Amino acid sequence: MSDLRLADFKPTPPAGVTKCAILSFDRYKAIYILCLVGFHQHLLSNPGHNVHMSARLPYQTVNHGVEMMMGMLLMTGWLSSATWKEATWKDHMKRKLSRLIPPYIVALFLTLLPVAWQCRQWTCWLQYALECTTLAGWNPALMWWTHNRPLWFMSTILTYLYISPFFLRWIRKQSVKGLLAFLLGLYLVRTGLAVAALICIQSIFGSLDEGRVIHTWSPMQVWIPGMGAVLEQLAERISVPDRVKKCHLWIATDLLLLVVLVLTQTVPTTENELLDRLIEYSNLLTAFPLMLLITLMSCDCNSFRYVTSATAGLRAFFAGLLNVSYTMFLTHWPLDIIFNMMGLLKSDSWDSVMALWSLEVCIALFLESVVMEPFTCAFGQWLQGSSGDLARISSEKKTQRGEGGPIGPIKRGASKIPQGVTVPGPSGRI
């Protein structure tokens, strides 16, 4: 019987990147968040300029755009399982919160500006209070009450992380058959809850025009990181047949990525509101292809990883893009609202889309370099206690910018990382 696992097919990582890093995941997250910020310009200030590829097709499609978010949540669960190492709840929380809470706090401060400027009802203040407690995503009315809709994503991730040490310990005691049954059960629970929620929405509003609620509601999404953790355990335990070679995995991953892209762009409407909303917001068609795709991508044998790592400059670019991605994701929504309130770039045009998009990337770079890094160091030092190593805390927060040459604070003259301190790869972010 073969003892090969998917991880055994991983190519040798570039210099300075740890063996546990999954570059395909990092590239997926960085590119998806960058595109998502541009997509949100259409939602907020440029409704006349649809950025969906499906809008250019000669037939009516379902409202594509959010299916790939499931991949982000699957990766979060996968990485939480891969990096857990039997840590206690306290140690696990310290490690995760020292990286995730600082950008969340900065986003809360930015969100307070449009809330204070525009809010005239108790609902938006209640939502802001929930956001301050990291429970934003548990309010089904978030979509209407919030001034920073992407906070649902971080709320969902944090909810999963709060319970993950107990969950990760439990799944390690289960058999492969038990894990497969549990994975299917999680999918069925999520889908069943989505159907029930959509039926309730239809009875309240008379239609499912507000079906996007299930996309931003944590009870609908919190199951997905758990599914990612189960997939990681299955990949660790299920052996790969000897006849399977790296080229086979490479071709399979590339083809599956194309299948997923087709399913997230070209599926025509079914003329049934319930089915359309399940396809759009509950991954009715893409759930299992995405789960298989994330599993195959974990071994980094694919053209996507190869092309985005072809040169030292590309590696440095994507490492830097990943480094600012969560800051950009969590802050761009209130920034859009602020720009619109100030009357900046208000015309409904592609110029407005590109200007806002570029401006928010620049602001994220500024926040990451000037605000986030010292704040993350200070927060991590406080969280770890006086015995915490400042350099270690800072390096845990960062991605591996050393791909293809250092960029960021080290090159700008900030304090060097002491010799002997290991800098984790990009996948250490979540």
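Tabulated data
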quantity	calculated
Orientation-averaged projected area, Cα convex hull of segment 49-131 (nm²)	9.4 nm²
For segment 62-214, convex hull of alpha carbons as volume per residue, Å³	135 Å³
Overall Cα dimensions of segment 87-168, principal axis frame, Å, largest first	45, 24, 16
For segment 140-187 and segment 308-325, distance of Cα centres in Å	29 Å
Cα gyration tensor category, rounded, prolate or oblate, for segment 146-186 with a/c compared to 1.5	oblate
Area accessible to solvent at ILE201, 1.4 Å probe radius, in Å²	20 Å²
Net dipole in debye of the chain [+1 Lys, Arg Cβ; -1 Asp, Glu Cβ; about Cα centre; nearest 20]	1360 debye
Cβ-derived FRET efficiency at R0 41 Å, PHE288 paired with THR123, nearest 0.05	0.60
Exposure ranking of ASP300, ASP209 by accessible area [1.4 Å probe, largest first]	ASP209, ASP300
Added length on full extension, which subtracts the Cα-Cα distance from 0.36 nm per residue, LYS85 to ARG172	30.2 nm
Cα-centre dipole for segment 103-228 with unit charges at Cβ (Lys and Arg positive, Asp and Glu negative), debye to 20	480 debye
Unsatisfied cross-links (Cα-Cα over 32 Å) in the set LYS19/LYS177; LYS10/LYS173; LYS96/LYS245	LYS96/LYS245
Surface accessible to a 1.4 Å probe, LYS246 within the full protein complex, Å²	90 Å²
Sorted largest first, extent of the chain alpha carbons per principal axis (Å)	56, 50, 40
Contact order normalised by residue count of the chain, Cα under 8 Å, 6+ apart, percent	33 percent
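The values are calculated or read from the model by the stated rules, or taken from the named source; none is laboratory data. Source: prediction; values computed, not measured. FYI the Cβ positions are ideal-geometry reconstructions off the backbone, even for glycines, and counts take in every protein chain you see. Only protein heavy atoms, including side chains, enter the accessible area calculation; ligands, DNA and RNA are left aside. Shrake-Rupley method; radii C 1.70, N 1.55, O 1.52, S 1.80 Å.
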